[in-house]
Amino acid sequence: MYAIVETGGKQYPVEEGRYIDLELLDAKQDSKVTFDKIVMLVNGKKSKVGQPYVTGASVEGTVVKHDKAKKIIVFKQRPKKGYRKKQGHRQQFTRVMITKIRTSAKKESAEKAEA
């Protein structure tokens, strides 16, 4: 089972037990995060597509670390003018381990079991 999550203005495919690198989140290391904007859920041949999001679905994860990506070089040059500018950039990111993908069906069955 996997889901497509929207966070930071981008969409990421996520699976349980795997990690993803996201835009820098305002969360401490080893804290839990929940993503409620689920665009699509896929379970084998069954799939749910949200309008725009799947209602009642969520993805839970744990923040593993905050880090910086590899350095990229930004080089600007104007031909025949002697203008050269070299600049480096390292984008910050947050690594999140996905622990659980919850669907509305799982929530309803869990609520019935508790009652």
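Readers should treat all values here as calculations from the given coordinates under stated rules, not as data from a laboratory. Keep in mind the model is a prediction, meaning the values are calculated, not measured. Ideal geometry is used to build each Cβ from the backbone, glycine not excepted, and the neighbour counts take in all protein chains shown.
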Between S104 and H66, how many nm apart are label points set 7 Å from Cα along the C-beta direction?
3.6
Report the one residue of F35, I72, I101 whose Cα lies farthest in the direction of the positive end of the charge dipole of the chain (charges on C-beta: Lys and Arg +1, Asp and Glu -1; origin at the Cα centre).
I72
Please go through the residue pairs K28/K100; K32/K68; K37/K71; K70/K100; K32/K71; K10/K85 and name each one whose alpha carbons sit more than 23 Å apart in this structure.
K37/K71; K70/K100; K32/K71; K10/K85
On full extension of the chain, what length is gained from F75 through M97, given 0.36 nm per residue of separation minus the C-alpha to C-alpha distance?
4.4 nm
Mean residue ellipticity (222 nm) of the chain, computed from DSSP H runs ≥ 4 via -39,500 (n - 2.57), nearest 500:
-3000 deg cm²/dmol
Cβ charges +1 (Lys, Arg) and -1 (Asp, Glu), total dipole of the chain, debye:
1340
Largest-first principal axis extents, alpha carbons of the stretch 2-103, Å
59, 31, 21
Between D26 and Q11, what is the label-to-label distance in nm when each label sits 7 Å out along the Cα-to-Cβ direction?
2.7
Between the helical axis of 104-114 and the dominant principal axis of the chain, each derived from Cα atoms, what acute angle in degrees is found, rounded to the nearest 10?
40
